[in-house]
Amino acid sequence: MKRILTKADGYGTLFTLLLFCGFAAAQKQPPPNPTIPREITGQLRVANSSTGPSGFLVILNRGTGMEVDRSMTDSRGRFHFANLYPDTYQVIVQQRGYRTISRDVDLTAMPAIFVNLELVPLPGARSESSPASGVVSAKLPANDTAREEFAKGQKLLVESKDPKGTSSGIAHLEKAMKADPAFAPTYALLGKAYMDQQNLKAAEAVMLKGVEADAKDFSLQFFLGVCLNQEREFPAAEKALLRSLEIDPQAFQAHYELSRTYLAMNQWQNAEPHIEEAIKIEPRFAPAHVVMGNVLLKKGDPHAAQEQYEEYLKLDPSGPFAAGVKSMLEKMKAGPTPP
């Protein structure tokens, strides 16, 4: 989280601007009692088929809308989230050519839940399993070696509890990438692993290589944009995030991330329509309301900004940005600093 000094309608104060934290909020949370771990395991299938698609992005949000983790389906279409708080969650799958899936899961009483999810193709839509622009982008690696290495790498990253396990997972994914250079999900998962290590340059290089293999993969373009934001390469981040929205215009997190890119470039006018769209698509996504508040302060409307900050606290009162938002509200209610 970066602190940025700004002035808006007489308010000379520090306020928390949500930048460069696309994955910080996505770190796995330790359970309050380590003897009672919470976890979600799931199976994703395509409707009217026994197929379990590999390499599909699955997002886990808390009930407040705050993202807490990401996973990618393995070679059988399975995914797994572990080390979670007792809380309510949403499991979300957004894939071009299919209806968005959003499944509510309650882990307040049960330590583990298994969920079955079914992808339903949109009428007349072209699914992501179709080859694109002559590049084979099937949702399974092209050969046994690549499939085996991808599955091993993903399993190690999901189950890793130390840097050694993460490094081993990365090594297997690098082998999978060499065995099948056209399989985009390998690049996305490998890039995310490097980002989790804060090795941003390696993450950027891998995802740029992945984009060369399949420029129409949403996860690659989105993760690349988040990575470039963290590197403060804002014009390049803008391009990647705009491409991700061309692929999936309903991806609220891409709208959210792009709005932060524009705020970092001091272009609140460009940020506003994207953060409005993010809230329209998913009003329970709490961090979007803080960004909307920041945009409104830039716009010179502190009253409306205050309402957005209060909405964030209503949705996620103990969230990672709650302390900064509360401090900001106290200063706003105290009135402008006298000249």
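The values are calculated or read from the model by the stated rules, or taken from the named source; none is laboratory data. Bear in mind the structure is a predicted one, so any value in this text is a computation, not a measurement. Here the Cβ is made from the backbone with ideal geometry for all residues, glycine too, and neighbour counts use every protein chain on show. These accessible areas exclude ligands, DNA and RNA; they are computed on the full protein's heavy atoms, side chains included. Shrake-Rupley method; radii C 1.70, N 1.55, O 1.52, S 1.80 Å.
Quick one: which residues, 5+ away or cross-chain, put their amide H under 5 Å from the amide H of LYS216? H built at 1.01 Å from N.
Close amide H contacts, sequence-distant or interchain: none at all.
Cross-link candidates for LYS298: which aspartates and glutamates have Cα within less than 14 Å, leaving aside residues fewer than 8 places away along the same chain?
Within the straight-line limit of under 14 Å, LYS298 reaches these aspartates and glutamates: ASP9, GLU272.
When all C-alpha to C-alpha distances in the stretch 179-337 are sorted into bins of 10 Å, what percent of pairs does each bin hold, rounded to whole numbers?
With 10 Å bins starting at 0, P(r) equals 12, 34, 32, 16, 5, 1, 0.
On the protein heavy atoms, probe 1.4 angstrom, tell me the percent of accessible surface of the stretch 172-288 carried by carbon and sulfur.
Here it works out to 50 percent.
Using a Förster radius of 45 Å, what is the FRET efficiency between ALA334 and SER167 based on their Cβ-Cβ separation? Nearest 0.05, please.
0.35
Mind ordering 220-228, 100-108 by average Cβ neighbours within 10 Å, highest first?
Ranking, from highest mean packing down: 220-228, 100-108.
From the backbone phi of the stretch 235-244, what are the Karplus-calculated ³J(HN,Hα) couplings (6.51 cos²θ - 1.76 cosθ + 1.60, θ = phi - 60°) in whole Hz, Gly and Pro given as x?
x, 5, 4, 4, 4, 5, 5, 5, 5, 4
Distance in nm between label sites at ASN83 and ALA47, each 7 Å beyond Cα in the beta-carbon direction?
With each label point 7 Å from Cα toward Cβ, the separation is 3.7 nm.
Can you list the residues, at least 5 places off or on another chain, whose amide H is less than 5 Å from the amide H of LEU107, using H built in the peptide plane?
Here ASP87, THR88, TYR89 satisfy the definition.
MET265: accessible area at probe 1.4 Å, nearest 10 Å²?
Approximately 50 Å² for this residue.
Would you list the P(r) distribution for the stretch 219-276, with all Cα-Cα distances sorted into 10 Å bins from 0 and each bin expressed as a whole %?
The calculated distribution, bin by bin, is 30, 60, 10.
How do 181-187, 92-98 rank on mean C-beta neighbours within 10 Å, highest first?
Result, highest mean Cβ count within 10 Å first: 181-187, 92-98.
Amide H of ARG38: which non-local residues (sequence gap of 5 or more, or other chain) have their own amide H closer than 5 Å, using H built in the peptide plane?
Those lying under 5 Å, H to H, from ARG38 are ASN83, LEU84.
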